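Participant: Structure in structure tokens, see below.
The values are calculated or read from the model by the stated rules, or taken from the named source; none is laboratory data. In this text, all values refer to a predicted model and were calculated from it rather than measured experimentally. No Cβ is skipped: glycine too gets one built from the backbone with ideal geometry, and neighbour counts run over all protein chains shown. Heads up: the accessible areas ignore ligands, DNA and RNA and are worked out on the full protein's heavy atoms, side chains in. Shrake-Rupley method; radii C 1.70, N 1.55, O 1.52, S 1.80 Å.
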Amino acid sequence: MAEPGKVWLVGAGPGDADLLTLKAARLIGAADAIVYDHLVGEGVRALFPAAARQHYVGKKAAKHTLKQEEINQLLVDLARAGLKVVRLKGGDPFIFGRGGEELEVLHAAGIAFEVVPGVTAAAGCAAYAGFPLTHREHAQSVTFVTGHLKDHSIDLDWPALARPGQTVVFYMGVGGAPEICRQMIDHGLPAETPAAIVRRGTLPDQQTLLSTLGRLPQCIAESGIKPPALIVVGSVVGLHEKLSWFETP
């Protein structure tokens, strides 16, 4: 029987391969098996060793390659086969990446693991779109929120999210944008509050759509923007014209 292997839960960052940490790149290059998600960028995938087993387990809206329970079991099986396994997730694995759920399964199975953080999508997309997530004159806090919950609802703490003086970033919120914007306005934020959507952040074809809470759902519909994308709400969005550096005007 092979000696148990080990799993490294690794953040691949928001897309641009240059944003990988040195440790992440080293582990990818030495992996026996790589289990990777849909949001792992093409440039990162180019670093996969030819000899490594590659398992794509990506999830898109309403289209999952494997169920989460099957992914969990795959990680256990690969490690029990004595392999060095890199579980590669877009962004940071502990921010809306189900990393904690997967590690709980590994712990229960007695599998050794490590965690390698990555640049989360909110930080990467905001930086490349020219939105400082915090700013002394605009936002004294920042909140990351999932745009849909495990039961597919978006029943969130709207009074807290609609407080002034903060930046709110919604992950996976494109489909729920009308409800998100309606709730934010109903709970006190003006309809003219700056809001934006950033699609394929940090990649060469990044799109940033500037709008307001009141108009964002209509702008999304008219532009045809599809996931993956983030919604950013707050007055820091208004700094885009000064601070945008990545996208060609």
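Participant: Test each condition in (1) under 21 Å from PRO132 (Cα atoms); (2) assigned by the TED database to the domain that holds GLY130; (3) surrounded by fewer than 16 Cβ atoms within 10 Å (Cβ to Cβ) for THR248 and report the one that comes out false.
Facilitator: Only one criterion is unmet by THR248, namely (2).
Participant: Of all residues in region 66-86, how many are assigned to a helix (DSSP H, G or I), closer than 25 Å to ARG200 by Cβ and open to solvent by 10 Å² or more (accessible area, probe 1.4 Å)?
Facilitator: 1
Participant: If you scan region 169-219, which residues turn out to be among the hydrophobic types (A, V, I, L, M, F, W, C), open to solvent by 60 Å² or more (accessible area, probe 1.4 Å) and within 20 Å of GLU247 (Cβ to Cβ)?
Facilitator: LEU210
Participant: Would region 24-39 turn up any residue that is within 17 Å of the chain's Cα centre (by Cα), open to solvent by 40 Å² or more (accessible area, probe 1.4 Å) and in contact (Cβ under 8 Å) with a residue 24 or more places away in the chain?
Facilitator: There is at least one residue in region 24-39 that is within 17 Å of the chain's Cα centre (by Cα), open to solvent by 40 Å² or more (accessible area, probe 1.4 Å) and in contact (Cβ under 8 Å) with a residue 24 or more places away in the chain.
Participant: Just one of (1) touching a residue at least 40 places away in the same chain (Cβ under 8 Å); (2) in contact with a strand residue (DSSP E or B) (Cβ under 6 Å, 6 or more places away or on another chain) trips up GLU102, so point out which.
Facilitator: (2)
Participant: Continuing with the same structure: Based on what the data block shows, is GLU222 more than 17 Å from GLY124 (Cβ to Cβ), part of a loop (DSSP other than H, G, I, E, B), open to solvent by 60 Å² or more (accessible area, probe 1.4 Å) and among the acidic types (Asp, Glu)?
Facilitator: The answer is no for GLU222.
Participant: Next question. Take region 87-113 and flag every residue that is among the hydrophobic types (A, V, I, L, M, F, W, C), open to solvent by less than 30 Å² (accessible area, probe 1.4 Å) and in contact with an Asp or Glu (Cβ under 9 Å, 6 or more places away or on another chain).
Facilitator: If the condition is that a residue be among the hydrophobic types (A, V, I, L, M, F, W, C), open to solvent by less than 30 Å² (accessible area, probe 1.4 Å) and in contact with an Asp or Glu (Cβ under 9 Å, 6 or more places away or on another chain), then LEU88 is the only one that fits.
Participant: Quick one: which of ASP157, ASP77 is outside the structural domain of GLY15 (by the TED database) and free of Cβ contacts under 8 Å to residues at least 40 places away in the same chain? Before the answer, list the steps.
Facilitator: Values: ASP77 fails: outside the structural domain of GLY15 (by the TED database).
Residue meeting the stated conditions: ASP157.
Participant: I've got another one for you. Could you count how many residues in region 225-235 are at pLDDT 95 or above and open to solvent by 30 Å² or more (accessible area, probe 1.4 Å)?
Facilitator: The total comes to 1.
Participant: Restricting attention to region 96-120, and to residues there that are aliphatic (A, V, I, L, M) and touching a Leu at 6+ places or on another chain (Cβ under 6 Å), which single residue is farthest from GLY176 (Cα to Cα)?
Facilitator: Among those residues, the one meeting the criterion is VAL115.
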